[in-house]
1. Taking the residues in region 30-60 that are under 17 Å from the mean Cα position of the chain (by Cα) and among the hydrophobic types (A, V, I, L, M, F, W, C) as candidates, determine which candidate is surrounded by the most Cβ atoms within 10 Å (Cβ to Cβ).
2. Could you check ASP67 against (1) in contact with an Asp or Glu (Cβ under 7 Å, 6 or more places away or on another chain); (2) more than 17 Å from ILE26 (Cα to Cα) and say which number it fails?
3. If VAL140 satisfies all but one of (1) at positive phi; (2) surrounded by 15 or more Cβ atoms within 10 Å (Cβ to Cβ), what's the number of the condition it fails?
4. Against the definition (within 25 Å of ARG166 (Cα to Cα), surrounded by 14 or more Cβ atoms within 10 Å (Cβ to Cβ) and not basic (Lys, Arg)), how does ALA124 come out, yes or no?
5. Would you confirm whether or not region 13-23 contains a residue that is out of contact with any Asp or Glu (no Cβ under 8 Å at 6 or more places or on another chain) and at pLDDT 55 or above?
6. In the set ARG63, ARG112, ARG107, which member is free of Cβ contacts under 8 Å to residues at least 40 places away in the same chain, in contact with a helix residue (DSSP H, G or I) (Cβ under 7 Å, 6 or more places away or on another chain) and surrounded by fewer than 17 Cβ atoms within 10 Å (Cβ to Cβ)?
7. Applying the selection to region 100-143, what residues are more than 23 Å from HIS156 (Cα to Cα) and at pLDDT below 85?
8. Among the listed residues GLY86, GLY96, GLY123, GLY102, identify the single one that is among the small types (Gly, Ala, Ser), without any contact (Cβ under 8 Å) to a residue 60 or more places away in the chain and closer than 23 Å to GLU47 by Cα.
Amino acid sequence: MSRPLLIVALLLLPLAQGCVFSSANIRDEIDTISWDLRPMELESEVELQIGRGILGLAGTVARWTDDSDAEFAADLLDDIETIDIGVYALHGHDPGGLTPDGLEELRDLGWRPVVRTSERRDGAGWVLYRSDGGLDEMLVVGIEDQELVVLRLTGHLGGLLDNAIRREDDLVMVARVVHDDF
């Protein structure tokens, strides 16, 4: 390998560590949800972890633009340490989403349900929260059209909410109530 190529590779190595194709951080949650959705079977479509390196780079690039929305997104990214994403195809008969037993199992993992949504047809979602070691975590579970999407944000989510509040004055009263729980 030539010296310049080696130097470039070494400089990019920390960024490569910021994005790992693995959902090891959400494996317990996926296993719990999979167990609860029986007899449906999950087929992995995407499992991705985006770390601080890639998020920091995205925030820096967003700040180079003159777009206020991009700058707002960069401020939000500053408060996120990692994003874990899992997308799974669901095969079989839908039991209607997570059961109370499944939610109790997630509680045993430290998750606290915050919001549950449902649509008239074939869709449901849950937002769960936990605080662990000084960092906050939010787990979003969505089931729709024979697909399960699990998203886990880890970071300083209070700061994330503060930035969102500053952006949208209409949400100040609602967000303050939610923020007190975080």
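1. ILE33
2. (1)
3. All conditions pass for VAL140, except number (1).
4. It is false that ALA124 is within 25 Å of ARG166 (Cα to Cα), surrounded by 14 or more Cβ atoms within 10 Å (Cβ to Cβ) and not basic (Lys, Arg).
5. No: region 13-23 contains no residue that is out of contact with any Asp or Glu (no Cβ under 8 Å at 6 or more places or on another chain) and at pLDDT 55 or above.
6. ARG63
7. Listed by number, the residues that qualify are THR117, SER118, GLU119, ARG120, ARG121, ASP122, GLY123, ALA124.
8. Selected residue: GLY123, the only one of GLY86, GLY96, GLY123, GLY102 that is among the small types (Gly, Ala, Ser), without any contact (Cβ under 8 Å) to a residue 60 or more places away in the chain and closer than 23 Å to GLU47 by Cα.
The values are calculated or read from the model by the stated rules, or taken from the named source; none is laboratory data. The model shown is predicted, which means the values in this text are computed figures rather than measured ones. Note: ideal-geometry Cβ built from the backbone for every residue, glycine included; neighbour counts use all protein chains shown.
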